[in-house]
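Comments concern the structure below.
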Amino acid sequence: MNSRDRFLKAAHLEETDRPPIWLMRQAGRYLPEYRALKSKYDFITLVKTPELATEITLQPLQRFPLDAAIIFSDILVIPEALGQPYNFRDGGGIQMEYRLTNKAQIEALEDSAIPEKLNYVSEALKLTKKSLGKDKALLGFCGSPWTLACYMIDGGSSTDFSRTSEFAEQNPKEFILLMEKLSQSIIQYLNMQIDAGVDCVQIFDSWASVCTPSNYYKQSLQWIQMIIAGLKKPIPVILYAKGMNHCLNEQLKTGAKILSLDWTISLKDACVETNNQCALQGNLNPEFLTTDPITVKNEAETILKMSESLKGYIFNLGHGMLPTAKVECVEALLETVTHYRYG
Ligand code: CP3
């Protein structure tokens, strides 16, 4: 069974020899070869240059036997394409060029010609697919409208995105206008990714937990549902909503076929909660990759054993790879997962 078949079978709840594995932010600061490129080019140049984005996408696959590649890019390319550029704060974190505070600014967001403006992502996907060949799966991705709105309204990284919640409550019409623009842009963007050959896409709702359970559908999930309904081809969609384990079944109403879990619920409980009706992904705590190979092996085996009773499971971390992840821990993880056999 090749990696791509294994990935697609797990996504479609068909039997696999072992779970497929890929990691979130598998390209990143923990790899010296990424840091070497980062010392020559800034992040946004790397994202916007298809040859460099392709090289970074492939770097982790040259080191580790991963089953899938996720394209090197960022969720913030959408606000950038709409006319709200992003950058990085010196001490870490995202800084948007300005904050959205009123209707005129939302009206001014330029949501036409998204595939043209983001053609560099399409080119990177096509180049990556060519290098990957048919044996590995290729993942595209986007941020959810809610999570993008958090950065756009708060103006950058925040601990609680309180300005965004407040704006949504106090300016419902303007908030809806923003969500409509983001959703329509993302539909065009994901359809462009499908045309470029992705096997699957992941929607990151990383700041879902800012929503109260009673607001979650209205503020976030309904827009994700609209996006999934707008896809031109029925490819599997993974939804990652960090901190939302109390709303797993509600997340399935979006049409997502795979739920990506953080590390605050056991796989067994998530499987019971969702009635084993969808594929699950996750949920190793990324902190373990900063410890030692033996700890990683033990923790991964605990998850692998629990995944035996799942119809579909994709191994992954509960969030992105930390800059402090150790290469030997990632090696131990890949060794453990790729040698595991079901049955
Ligand atoms: O997984 C992959 O390798 C694919 C590429 C990818 C990146 N960002 C590259 C990146 C993906 C899938 C993302 C998603 C993303 N970006 C999310 C959703 C996932 C999550 O983390 O919850 C979010 C919220 C962003 C926005 C973003 N971009 C943040 C918060 C940061 C970290 C900023 C900081 O300094 O703390 C980034 C930068 C970023 N995006 C890096 C990478 C590899 C690190 C860049 C570096 O420092 O070299």
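The values are calculated or read from the model by the stated rules, or taken from the named source; none is laboratory data. Computed from a predicted structure; not experimentally measured. Positions of Cβ are generated from backbone atoms using ideal geometry, with glycine treated the same way; all protein chains shown enter the neighbour counts.
Summary of computed values
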read-out	value
Cβ pairs under 6 Å, 6+ apart, first in the range 230-246 and closer than 17 Å to P213 by Cα, second hydrophobic (A, V, I, L, M, F, W, C) and within 16 Å of the ligand (Cβ to nearest atom)	L239/I203; L239/A256; L239/L259; Y240/F204; A241/A208; M244/A208
Hits in the range 209-226 - residues which are farther than 14 Å from M179 by Cβ and within 15 Å of the ligand (Cβ to nearest atom)	S209, V210
Contacts under 6 angstrom Cβ, first residue in the range 13-31 being under 17 Å from S309 (Cα atoms), partner acidic (D, E), 6 or more apart	P20/D67
Residue in the range 28-40 that is more than 10 Å from the ligand (Cβ to nearest atom) and crowded, with 16+ Cβ neighbours inside 10 Å present	no
Qualifying residues in the range 96-105 (those that are polar (S, T, N, Q) and assigned to a loop (DSSP other than H, G, I, E, B)) - the one nearest to the ligand (Cβ to nearest atom)	T101
Residue that is in contact with a Ser or Thr (Cβ under 8 Å, 6 or more places away or on another chain) and modelled with pLDDT of 95 or more, where the choices are D160, D195, D199	D195
Filter pass, Q225 being assigned to a helix (DSSP H, G or I) and either under 30 Å from E107 (Cα atoms) or touching a helix residue (DSSP H, G or I) at 6+ places or on another chain (Cβ under 7 Å) (or both)	yes
Flag if Q84 is outside any helix (DSSP H, G or I) and over 20 Å from the mean Cα position of the chain (by Cα)	yes
Condition check for R25: closer than 23 Å to G318 by Cα and more than 10 Å from the ligand (Cβ to nearest atom)	no
Per-region count, the range 50-95, residues near the ligand (Cβ under 9 Å from one of its atoms), among the small types (G, A, S) and farther than 22 Å from A36 by Cα	0
Tally, over the range 1-27, of residues that are over 14 Å from A69 (Cα atoms), within 21 Å of the chain's Cα centre (by Cα) and surrounded by 19 or more Cβ atoms within 10 Å (Cβ to Cβ)	3
Qualifying residue in the range 322-343 (condition: under 22 Å from R6 (Cα atoms) and within 14 Å of the ligand (Cβ to nearest atom))	yes
Residue identified as surrounded by 20 or more Cβ atoms within 10 Å (Cβ to Cβ) and touching a residue at least 60 places away in the same chain (Cβ under 8 Å) among N316, N283	N316
Which listed residue, of Q188, Q193, is within 26 Å of D67 (Cα to Cα) and assigned to a helix (DSSP H, G or I)	Q193
Failed item, numbered, when D90 is tested on (1) in a loop (DSSP other than H, G, I, E, B); (2) in contact (Cβ under 8 Å) with a residue 40 or more places away in the chain	(2)
